[in-house]
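First up is the structure itself, then whatever we jot down about it.
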Amino acid sequence: MIAAHPSPVLSLLWLSQARPWIRHQVPLLGSIIAGRPEFQEGRVDGCIDIDPTALRLPQNTRTFALKVRGDSMRNAAILEGDIVIMEFRGEAKHGDIVAALIDGETTLKRYIVQGGASYLRASNPQYPDLIPARELVIQGVLIALLRLSAR
């Protein structure tokens with residue numbers, strides 16, 4: 001049974017099955033830790049087909065996908081095994097969920113700007129805020145979440 005207000009994932013699935021869709025391949029660039037940041041080498045693990053109109057992506061949006069490992073974003077409904085679709089963007093707004101390089105290590109967190117300083121915050125109280133010692137580089141901003149199996 002589908003609820004009256006289906007989740008964005010169910011809406012995406014329904015829209016893609018209800019009408020012919022334009023195939024758009026998003027490269028799956030490995031995984032990202034939703035926990036303590038770690039060094040990660042980039043690699044392409046294939047592609048994911050999405051319907052850009054269902055995600056309301058502007059034409060020519062540069063996207064990539066990452067498989068989530070860890071539980072630091074669970075209160076933002078991002079769980080281990082989910083796939084996040086990110087837009088290549090070097091800037092983020094306060095509150096965006098981002099793939100970020102912080103002091104040479106990669107992580108998935110919420111971008112916070114407070115008092116002119118920016119840092120990363122988990123959506124799980126068991127994890128501390130991450131304040132950069134040297135650098136904080138935004139690699140992408142979350143635009144969609146795919147959950148491939150029921151939990």
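In plain terms, the chain from HIS24 to SER118 could stretch by 30.5 nm, reckoned as 0.36 nm per residue minus the Cα-Cα distance. Database remark: amide H of LYS109 closer than 5 angstrom to the amide H of VAL98, ALA100 (H placed geometrically; neighbours at sequence offset of 5 or more, or on other chains; Pro and chain starts carry no H). Per-residue 3J(HN,Hα) values for segment 87-101, derived from phi via the Karplus relation 6.51 cos²θ - 1.76 cosθ + 1.60 with θ = phi - 60°, read 9, 4, 7, x, 10, 9, 9, 3, x, 5, 8, 10, 8, 9, 9 Hz in sequence order (x marks Gly and Pro).
Read-outs: derived from the displayed coordinates by stated rules, not from any lab. Everything numeric here is computed off the predicted structure, so don't read it as measured data.
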